[in-house]
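In what follows, a single structure is set out as structure tokens and then discussed.
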Amino acid sequence: MPRIFETRTRVRFAETDESGIAYYGSHFVYFELGRVEMFRELGLSYDFRIPIIETRCRYHAPARFDDVLSIHTFVGELRTKAFRLDARVYRVRDGQEPELLCEGWTAMVTTGEDRRPIPIPAAFRATLEAIA
């Protein structure tokens, strides 16, 4: 079972529509927040290019202004030149079970200075393998 990294945030007003529901694209920002915080916790840096090549999100329930969100991020797949980070976003409320709002993933590829795919650097790969 992969190690899960948790990041918490609140739904900001700027992320919502006029009815106070988080705009669907905001969920990709939550995925990014979880991804960046996971990398920070692991001591991984972006000293090489890691463009996103594909992403997916399945929505289960709306996030609303000022909801506390728990973003769970973990390694979903690890290949030679690419990897996928999976994410689940939950609403958390005191005294209640977390409610799954959405789940999805972001696929990324490692590239060199010429922006062509390269094998995942050894130290970066070793860190991801250790938590996968």
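The values are calculated or read from the model by the stated rules, or taken from the named source; none is laboratory data. Note that the structure is a prediction, hence the values are computed from the model and not measured. Virtual Cβ from ideal backbone geometry, glycine too; neighbours counted across all protein chains shown. What goes into the accessible areas is simple: the full protein's heavy atoms, side chains included, and nothing from ligands, DNA or RNA. Shrake-Rupley method; radii C 1.70, N 1.55, O 1.52, S 1.80 Å.
Restricting attention to region 21-42 and to residues that are more than 16 Å from the chain's Cα centre (by Cα) and open to solvent by 40 Å² or more (accessible area, probe 1.4 Å), the residue that is nearest to MET108 (Cα to Cα) turns out to be TYR23. Apart from one condition, GLU18 fits all of (1) touching a strand residue (DSSP E or B) at 6+ places or on another chain (Cβ under 7 Å); (2) open to solvent by 70 Å² or more (accessible area, probe 1.4 Å); the exception is (1). Residues in region 63-78 that are within 18 Å of the chain's Cα centre (by Cα) and open to solvent by 30 Å² or more (accessible area, probe 1.4 Å): VAL68, HIS72, GLY76, GLU77, LEU78. On the stretch given as region 1-57, residues that are touching an Asp or Glu at 6+ places or on another chain (Cβ under 8 Å), aliphatic (A, V, I, L, M) and within 20 Å of PHE74 (Cα to Cα) total 1. If you go through region 90-132 and keep only what is without any contact (Cβ under 8 Å) to a residue 24 or more places away in the chain and surrounded by 15 or more Cβ atoms within 10 Å (Cβ to Cβ), you end up with just TYR90. Here ALA63 meets the list (1) over 15 Å from GLU6 (Cα atoms); (2) free of Cβ contacts under 8 Å to residues at least 40 places away in the same chain almost entirely, failing just condition (2).
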